[in-house]
Structure formats: C-alpha cells, structure tokens
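Worksheet for the structure shown next.
Nothing in this text is a laboratory measurement; each read-out follows from the coordinates by a stated rule. Since the structure is predicted, the reported quantities are computational estimates derived from the model, not experimental observations. Methodologically, a virtual Cβ is constructed for each residue, glycine included, from the backbone with ideal geometry; neighbour enumeration extends over all protein chains shown.
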Amino acid sequence: MSTRWNRFYRSQLQDEELKALVETELENLRIGAKIAKLREKARLTQAKLAAKSGMASSKISAIENSPQNLTVGTLIKIAQAANKKLDIRFLSIA
C-alpha cells in the first residue's frame, strides 16, 4: 500500500545528494543496531558493557542510538568487552 509519506519519500530520493545522506545515516544506524545486538547476545547491560570497555554508559547509549565518528579503537574496546573480535570488511555495492 502506497501512502502519501511513501510517495513523498520516493520522490525525495530522486535527489542524489539527499539519497546519499539518507544512505549514510541508515548505515550509521545499522552499526548502532549491530552493537546493541552484540551487547544483548553477550547478556550485558549498557552499564556493564561500558564498565568492561572503560567508557561511560552514556557513550554506549549514544553509540547504539546514533553512532557518529566512531573510531576503530572504540569498536575494538566494545568487541573485547563482549568477548568478541572486531572484523572490518569492505563489500561491493550491489
């Protein structure tokens, strides 16, 4: 079912600059969601993950909800705190 919002959204994505911004933001949100899922699978609260990684729990919350300018070092700390290894890959764009 096509709503007015869906039609508007599709029309806005015809603008390549806006489309690139939307895709970048969606990718950031995916990273945050993956970190939250990693934490949940490790059965850690945000506070426990923060303590194990040497960060404030507010930083973990910010990373999960709106990750911006994450460093590889921060990702490594989070992975190690969840008893995981960080694996970064570059995939072809379909």
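Some values worked out for this structure:
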{"read-out": "Cβ charges +1 (Lys, Arg) and -1 (Asp, Glu), total dipole of segment 4-81, debye", "value": "540"}
{"read-out": "FRET efficiency estimate (nearest 0.05) - Cβ-Cβ, L26 to S2, R0 22 angstrom", "value": "0.60"}
{"read-out": "Residue-wise HN-Hα coupling along segment 50-63, computed from phi with Karplus coefficients 6.51, -1.76, 1.60 (Hz; x: Gly, Pro)", "value": "4, 4, 5, 9, x, 10, 6, 5, 5, 5, 4, 4, 5, 5"}
{"read-out": "Ranked list, fewest to most other Cβ atoms within 10 Å of each Cβ, for D15, D87", "value": "D87, D15"}
{"read-out": "Total formal charge among the other residues, if their Cβ is under 14 angstrom from that of M55, Lys/Arg +1 and Asp/Glu -1", "value": "+4"}
{"read-out": "Residues Q12 and T74, FRET efficiency given R0 of 41 Å [Cβ-Cβ distance, rounded to 0.05]", "value": "0.80"}
{"read-out": "Centre separation in Å (Cα based) which lies between segment 1-28 and segment 33-94", "value": "27"}
{"read-out": "Global geometry of segment 1-40, whether rounded, prolate or oblate, following the gyration tensor of its Cα atoms and the 1.5 cut on a/c", "value": "oblate"}
{"read-out": "Contact order relative to length of the chain, as percent, for alpha carbon pairs under 8 angstrom and 6 or more apart", "value": "24"}
{"read-out": "Helix-only CD estimate at 222 nm, as mean residue ellipticity for the chain, using -39500 (n - 2.57) per DSSP H run (n ≥ 4)", "value": "-20500 deg cm²/dmol"}
{"read-out": "Cα gyration tensor category, rounded, prolate or oblate, for the chain with a/c compared to 1.5", "value": "prolate"}
{"read-out": "Listed residue (Q14, I35, F90) projecting farthest to the positive dipole end of the chain, Cβ model", "value": "I35"}
